[in-house]
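Note sheet for the following structure.
The values are calculated or read from the model by the stated rules, or taken from the named source; none is laboratory data. Just so it is clear, the structure is predicted and the values come from calculations on it, not from any experiment. Here Cβ is always computed from backbone atoms with ideal geometry, including for glycine, and neighbour counts include all displayed protein chains.
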Amino acid sequence: MKESVVHLQGNTSDLIIQTHPVVEILYWGDKISGVEATAIQAVKRAVPNGRLDVDTPVTISPEHGRGVFSSPGMEGNRQGLDWSPVFEFQAIQQDGNHLLITTEDQIAGLKMVCELKLDSQTDVLQVRNTLTNLKSATYQVDRLAVTLPLPERADELMAFHGRWVREFQPHRLKVKHGGYQQENRRGRTSHEYFPGFMQGTTSFSEQQGEVWGFHLAWSGNHRLRSDVKTDGRRFVQAEALYFSGEITLSEGESISTPWVYAAYSAQGLNGMSHAFHQFVRKQIIQFPDHKPRPVHLNTWEGIYFDHDPEYIMQMASRAAELGVERFIIDDGWFKSRNNDLAALGDWYLDTNKYPNGLEPVVAHVRNLGMEFGIWFEPEMINPDSDLFRAHPDWLLALDGYQQPTGRYQYVLDLQKPQVFDYLLERLDTMLGRYDIAYVKWDMNREVVQPGHDGYAALDGQTKALYDLFDELRQRHPKVEFESCASGGGRIDYEILKRTHRFWTSDNNDALERQQIQRGMSYFFPPEVMGSHIGGRHCHCTRRTHSIGFRGLTALFGHMGVELDPVKESAEERAGFTHYIALHKQLRPLLHSGKVVRIDHHDPALQINGVIAQDQSSAVFLFSQLAMPTYTLSGNARLAGLDPTKHYRLTVLDQPASMRTGGVMKKLPLWLDEEMTLSGAWLAKAGIALPVLDPESALLIKLDAM
Ligand code: DGJ
C-alpha cells in the first residue's frame, strides 16, 4: 500500500502522522511551513547491522511483533492466546484536525482505534486509544496505553512527587538510558504522583527550551513512563493502571484509555502552561455562568466539627464584612458527626446541632448577599454509622478480607446500583431542599482492595464516580463543585470537566503554598486553584506568617479565607479585607491572563506573574522563600509584555519589614518614584530588586501607557 501522511496544523505546533503502511507519528514540534509530499522520504531511518533486518517503527501502539523490544502499547491475552497483536491500517476519518485511525489484527481478533485532535488555537493535542474485541472468546486486557514519540534531544524530565500536605513538588532527572516510570495504585489521582510530566531539551526552564508536556486525565490508578530505546529514540506512554483481571472484553466490547492531553512549547514551561491553561478555559471547565469566581470563607480551620448555628451565623456576618462572597460550612453538619470517627454515610442534618434546621443559616448567608456552600464526602462510610449498620455489604471490598480503614472509614462500592441511588437521592434531596450553590466534595482515604463482586473494580469505581457527578450536574446545573481529596489528592482534567475548583492542599502555610501552587500552575489556571488565607499560626506546620505574606500568597488563585473571623483580631480582619479587595480588583486579570514564572538566578526568590492576553497590563509577585543567597537580589527581568509599549510601574503591596527592618539603607528607586519602562527594557534589563526578608512578598503592577 502507498505511503500516506496527514499533517495537523496548530497555531505554533504541527503534528505529522503517517497512516499507512504503519501508523506512526513522524513529527510533533515547532510549526513547519511548506511540507512537500515527498518530505517524509528524508526522515526514513537507516537499518543498522546487528539488529533485525527491517526498520522497526514505534507505531501509535508499539508492537513486539514488529520488532519493538520496548514497552508495547497494549498487553493482554485470550486464555494465553492472541497476546502479541500487530495492528494493520484499516481506515482513516478526518475532520480538520480531528483524526480517527482504525487498525486491526484479524488473527488476534482485535481492533485499535486511535483518536487524535490538535486544537488549532491552543496547540493542545488530545489522544486516546480504544481497543475492541472482535472474537467470541473473552479477551483480558492487562494494559492499554497512549504512546507519543519524542525527539532524541528531549533528554530531561520534570515530574512531580508529593504527599498529603505537600502536593506538586517538582523533581528533575536526565533521561539518557532506560527511562522513567511512575505508578499510582492509591485509587484516586493521588497526592503522591500527579498524572503528568514534562520532557524537554537540556536545561529547559520556565522561559527557555523546547518542552513537551503530558497529562493523563484520569482520577484513578495510572502508569506513566518515558522510555529511551537503545537506538536513542524516545517515547512517552500514559495509561490507566489495571489490576489483574480488571478489564475483560466480551465480543464487541471496547475499552478506551483516558484522554491524554499534551502540548509542545518552544518557549519553555511557560509556553506549555499557556497552552494548557487556555485549553482548560476553553474546553475543560464548564462554569454554570460567567460571573467572577466568588471569594470563599470555609469554616473548617475555624471551627472544625464544632457546629453551632448561632455562632456560624456570626461567622457569616463577619465574613460578609470582609468581602466574602460564598460561605461554606465544612464537615460536621450531619447526624452524629462530632469527630472523624463516625457518621460518614448518614447524610442527614444533625438536628441536635441544628434544632431549627439548616434554613435559618442558609437564609442568613443569602441575606448577607453571599452564596451558600456545604461539604460532603459521598464515597465514604464509617463503620460507626447508621448506613454501615444497615448495609455492611455496601463496601468496595473483597469478601473474606479485613481491609485497613483510612481516617476510620471505608469506601462505598459505587457500582452497586443501591449505593449509587442512595447517594444520588441524598445529594439530590439536599441540593433540592436548600439554596445550595456549591458543594465541597471530599475524598479522604486511599483505596485498598477495590473489589466488586469479587473482581478488581477501580476502573469501574472511577467511571461510576464520574456518572454520579454527571447525573447530579444534570439535575442541578447551577451548582458548582469543588474537588477535594484531603487537599490535592484528586486534581486532574477529567474530574475538572465535572467540577469547578480544587482544594489545592490541606497545607495552608503560605511558604509551603508558594511551592505547591507553583507546581500546580504548570497544568492548571489560577481560577481553579483554591487558595485561602489561613490563620496567622498555621495549623499544619505551626509556622507563623504575616498577613502580607499570607494575603499575597492566596491572591493569585481562587481566593478564600479559612479561619474563624469572629475570633480574629481587628488588625487581622483589616488585613483580610485589604487582600480580598485587592484580589477583587485584580481578579479579572488574574483569572483570564497568561501565567508566567520568571527564571531567576537565586532560587530563594520566586517570581511569578500574570500578563493580560492583550499585554495591556500585568502583575508580578516577588516572594522571598528563604534568605537571599547573595547580598543583592539582582534584577528581575520581566518578559512577556509588548516590547514596543511603555508601562507605568505601580507598587501594589510591600512588606512592612522592608522599610523598618534595617535590611537596606537605600531602596531601588522604583519603590518610591513613579517610573515608566518599555516592555523591551523590562524583559531584557529588568528592574533592580530590593532585599526582602525571608517569607515576605512584594506585588507590582504594570499598565500600558
Ligand atoms: C479534608 C479537607 O481537605 C479539609 O479541607 C476538610 O474539608 C476536612 N477534610 C474535613 O473532614
Original post:
In the stretch 539-590, which residues are more than 16 Å from the ligand (Cβ to nearest atom), more than 17 Å from PHE327 (Cβ to Cβ) and not in a helix (DSSP H, G or I)?
Top reply: ARG542, ARG543, THR544, HIS545, SER546, PHE556, SER569
Subject >> Positions within the stretch 316-336 being within 16 Å of the ligand (Cβ to nearest atom) and under 23 Å from PRO565 (Cβ atoms), in sequence order >> reply: ARG326, PHE327, ILE328, ILE329, ASP330, ASP331, GLY332, TRP333
**OP:** Restrict the check to the stretch 49-69 and report whether at least one residue is farther than 30 Å from GLN9 by Cα and under 36 Å from the mean Cα position of the chain (by Cα).
**Re:** yes
Original post:
Can you find a residue in the stretch 604-620 that is touching a Lys or Arg at 6+ places or on another chain (Cβ under 6 Å) and among the β-branched types (Val, Ile, Thr)?
Top reply: yes
Subject >> Failed condition for ALA636, given (1) buried (at least 18 other Cβ atoms within 10 Å of the Cβ); (2) closer than 18 Å to THR676 by Cβ; (3) touching a residue at least 60 places away in the same chain (Cβ under 8 Å) >> reply: (3)
Original post:
Taking the stretch 64-91, which residues are assigned to a strand (DSSP E or B) and either crowded, with 20+ Cβ neighbours inside 10 Å or at pLDDT below 95 (or both)?
Top reply: MET74, GLY76
Subject >> The one condition in (1) surrounded by fewer than 23 Cβ atoms within 10 Å (Cβ to Cβ); (2) under 24 Å from the mean Cα position of the chain (by Cα); (3) assigned to a loop (DSSP other than H, G, I, E, B); (4) away from the ligand (no atom under 15 Å from the Cβ) that PHE524 fails to fulfil >> reply: (1)
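So that you can scan it fast, the table gives a plain yes or no per residue for (1) modelled with pLDDT under 95; (2) under 24 Å from the mean Cα position of the chain (by Cα); (3) outside any loop (DSSP other than H, G, I, E, B); (4) over 21 Å from GLY557 (Cβ atoms):
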residue	(1), (2), (3), (4)
VAL596	no, yes, yes, no
HIS601	no, no, no, yes
VAL610	no, yes, yes, no
GLN615	no, no, no, yes
PHE620	no, yes, yes, no
MET627	no, no, no, yes
LEU632	no, no, no, yes
ARG648	no, no, yes, yes
**OP:** Consider only pairs whose beta carbons are under 9 Å apart and that are at least six residues apart or on different chains; among these, list those whose first residue lies in the stretch 591-604 and is touching a residue at least 24 places away in the same chain (Cβ under 8 Å) and whose second residue is among the β-branched types (Val, Ile, Thr) and surrounded by fewer than 17 Cβ atoms within 10 Å (Cβ to Cβ).
**Re:** HIS601/THR629; ASP602/THR629; PRO603/THR629; ALA604/THR629
Original post:
Across the stretch 329-371, which residue is surrounded by the fewest Cβ atoms within 10 Å (Cβ to Cβ) among those that are under 15 Å from LEU427 (Cβ atoms) and of a type outside the set (Asp, Glu)?
Top reply: TYR348
Original post:
within 21 Å of the chain's Cα centre (by Cα) and within 16 Å of the ligand (Cβ to nearest atom) - does that describe any residue in the stretch 276-296?
Top reply: yes
Subject >> ARG648 out of contact with any strand residue (DSSP E or B) (no Cβ under 9 Å at 6 or more places or on another chain) and either surrounded by fewer than 15 Cβ atoms within 10 Å (Cβ to Cβ) or closer than 20 Å to ALA510 by Cβ (or both) >> reply: no
**OP:** Enumerate the pairs (first residue in the stretch 364-376 and farther than 17 Å from TRP503 by Cα and more than 16 Å from the ligand (Cβ to nearest atom); second residue anywhere and among the hydroxyl-bearing types (Ser, Thr, Tyr) and assigned to a helix (DSSP H, G or I)) with beta-carbon separation below 8 Å, excluding pairs fewer than 6 apart on the same chain, so at least 6 apart or on different chains.
**Re:** HIS364/SER317; LEU368/SER317
Original post:
So, in the stretch 1-49, of the ones that are of a type in the set (Asp, Glu) and assigned to a loop (DSSP other than H, G, I, E, B), which residue ends up nearest to PHE279 (Cα to Cα)?
Top reply: GLU36
Original post:
In the stretch 639-669, which residues are farther than 18 Å from GLY548 by Cβ and in contact (Cβ under 8 Å) with a residue 24 or more places away in the chain?
Top reply: ALA639, GLY640, LEU641, ASP642, PRO643, THR644, LYS645, HIS646, TYR647, ARG648, LEU649
**OP:** Could you tell me whether the stretch 412-424 includes any residue that is within 16 Å of the ligand (Cβ to nearest atom), within 26 Å of GLY357 (Cα to Cα) and either surrounded by fewer than 17 Cβ atoms within 10 Å (Cβ to Cβ) or among the basic types (Lys, Arg) (or both)?
**Re:** no
Original post:
Has the stretch 562-582 got at least one residue that is hydrophobic (A, V, I, L, M, F, W, C) and more than 22 Å from CYS538 (Cα to Cα)?
Top reply: yes
Original post:
Mind checking which residues of the stretch 474-493 are under 15 Å from the mean Cα position of the chain (by Cα), more than 16 Å from the ligand (Cβ to nearest atom) and surrounded by fewer than 22 Cβ atoms within 10 Å (Cβ to Cβ)?
Top reply: none
Original post:
Only one of (1) under 24 Å from ASP331 (Cβ atoms); (2) touching a Phe, Trp or Tyr at 6+ places or on another chain (Cβ under 9 Å); (3) polar (S, T, N, Q) fails for GLN515. Which number is that?
Top reply: (1)
Subject >> Of all residues making up the stretch 440-464, the number that are away from the ligand (no atom under 16 Å from the Cβ), under 24 Å from TYR193 (Cβ atoms) and out of contact with any helix residue (DSSP H, G or I) (no Cβ under 8 Å at 6 or more places or on another chain) >> reply: 11
**OP:** Could you please let me know if ASP340 is modelled with pLDDT of 95 or more, of a type in the set (Asp, Glu), within 30 Å of GLN449 (Cα to Cα) and in a loop (DSSP other than H, G, I, E, B)?
**Re:** yes
Subject >> Meets criteria (under 22 Å from ASP509 (Cα atoms) and modelled with pLDDT of 95 or more) for PRO690 >> reply: no
**OP:** Would you check if there is a residue in the stretch 287-294 being in a strand (DSSP E or B) and surrounded by fewer than 24 Cβ atoms within 10 Å (Cβ to Cβ)?
**Re:** no
Subject >> Number of the exception - ASP506 against (1) buried (at least 24 other Cβ atoms within 10 Å of the Cβ); (2) over 20 Å from GLY323 (Cα atoms); (3) within 14 Å of the ligand (Cβ to nearest atom) >> reply: (1)
**OP:** Would you check if VAL236 is modelled with pLDDT of 95 or more, of a type in the set (Val, Ile, Thr) and part of a helix (DSSP H, G or I)?
**Re:** no
